[in-house]
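Undergrad: Got a structure here, written out as structure tokens. Questions coming.
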Amino acid sequence: MPLLSLGMALSFWGAAPSASADSHYESVIKDAAYRASIELPDGAAFVSLSEGVTYYRLANGESCTTADVLVHGFSVPSYIWDPTYDFLVSNGRCVVTLDLYGRGFSDNPDVAYTDTLFAKQVLELLDHLQIKKANLLGLSNGGRVVSQLAGLAPERVEQLIYVASSGFRDVSRAANVDVSQAEIDELVARYPELPAGQLSDFKDPTDFQDWDDKYAQLLVHKGFARALISTRKNHDSRELDRIHAELQASDIPVTTIWGDSDTVVVYASFAEKLERLLPKRVEHFVPESGHLPHMENPAYFEAVLTELLVARHGSTIRHSIRHSPFTDELVSVLAPFRLK
């Protein structure tokens, strides 16, 4: 569910459809038997971290000291990054992606779902993989996570790439961050409505008609509703504003990437604040795309990544890409454009 739409669902407790007594919603516990039943893709594994078992994928990890780490958003787990993961892997990059707690195949612990919880999860995974530094890519709510990680361990950050990040908006932590059973029941009762809302992430959902069906599979996991509610209740912009101001004074490169037609995270609503906090950033607007520009316009998005991850120090885009291992056909996508 898009963050804004889900936020409305979490704050509106009017009449709601009732879930049937035999509903499969929230019926699956992610225990050892559940994990054993999963057919893992290449590079995927589980690791037990301080707050629970974490699902991750690693590619090209031999002697990897700096990795491209892809952090997903509010409710859709790491599969949302699959096109970018495959692109980077195919070009020999060391790439890590993971399911944050409460999402996907990772555990749903009974804890407060804060930016710090997620940031420490990523750091613990990097320690487990013996990866010292990372190019951090944070998608939507994942932008909050990578900012918090940079605040906790700036020495581990090679650069920050925010994709449709929701971390620059003004939000306040709830007065009571506890999650009641009544709140969980209300959200679960709305589960039938949630998958279709996923399609509003796209400017044109025509090519993503199975997206809602994939999301529906997440709703069987016990603890999913609690994780979503807790995450939203614990959102607060004050700590992130402080971190972003420190980033401006640091030497960590920062890039922001936006879909030009995003109606989920609306750029105009925080543009002035973003310019004030991070005026040195590099910024891109991906044409013909909504909240998921890496999926709707992958050629443009991947050409931007080519410049940022491989050829950041090149004098021009054409020169940089020519001397990178990435595919030459992407040169024509960005050749008319220069970085900000």
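Values quoted throughout were computed directly from the atomic coordinates according to the rules given, and no laboratory measurement underlies them. A quick note: this is a predicted structure, and the numbers were derived from the prediction, not measured. Note that we place each Cβ from the backbone using ideal geometry, even for glycine, and neighbour counts take in every protein chain shown.
Undergrad: Could you tell me whether the range 233-295 comes out rounded, prolate or oblate from its Cα gyration tensor? Rule is a ≥ b ≥ c as square roots of the eigenvalues, rounded for a/c under 1.5, then prolate if a/b exceeds b/c, otherwise oblate.
TA: oblate
Undergrad: A further question follows. Can you tell me which aspartates and glutamates have their Cα less than 15 Å from the Cα of Lys233? Leave out same-chain residues fewer than eight positions away.
TA: Asp110, Asp115, Asp170, Asp178, Glu183
Undergrad: Beyond 24 Å between alpha-carbons counts as too far, so tell me which of Lys30/Lys120; Lys30/Lys214; Lys133/Lys222; Lys133/Lys280; Lys203/Lys280 fall in that bin.
TA: Among Lys30/Lys120; Lys30/Lys214; Lys133/Lys222; Lys133/Lys280; Lys203/Lys280, the Cα-Cα distance tops 24 Å for Lys133/Lys222; Lys203/Lys280.
Undergrad: Still on this structure, please answer the following. Taking amide H atoms as placed 1.01 Å from N in the peptide plane, list the residues 5 or more away in sequence, or in a different chain, whose amide H sits under 5 Å from that of Phe285.
TA: Here Trp258 satisfy the definition.
Undergrad: Please work out whether the range 185-322 counts as rounded, prolate or oblate from its C-alpha gyration tensor, where a ≥ b ≥ c are the square roots of the eigenvalues and a/c under 1.5 means rounded, while otherwise a/b larger than b/c means prolate and anything else oblate?
TA: Oblate is the answer for the range 185-322, as a/c is 1.5 or above yet b/c matches or exceeds a/b.
Undergrad: Just add up the charged neighbours of Thr54: K/R +1, D/E -1, any other residue whose Cβ is under 15 Å from the Cβ of Thr54.
TA: Taking every other residue near Thr54 into account, the sum is -1.
Undergrad: Continuing with this model, one more query. Estimate the FRET efficiency between Glu272 and Glu246 by the formula 1/(1 + (r/R0)^6), using the beta-carbon distance for r and 22 Å for R0, to the nearest 0.05.
TA: 0.65
Undergrad: Residues with amide H under 5 Å of Asn135's amide H, sequence separation 5 or more or different chain, H placed in the peptide plane at 1.01 Å from N; which?
TA: Those qualifying (amide H under 5 Å, at least 5 residues apart or on another chain) are Ala67, Asp68, Val69, Glu158, Gln159.
Undergrad: Rounded, prolate or oblate for the range 138-245? Axes are the square roots of the Cα gyration tensor eigenvalues, ordered a ≥ b ≥ c, and the cut-off for rounded is a/c under 1.5.
TA: Oblate, because a/c is 1.5 or more while a/b does not exceed b/c.
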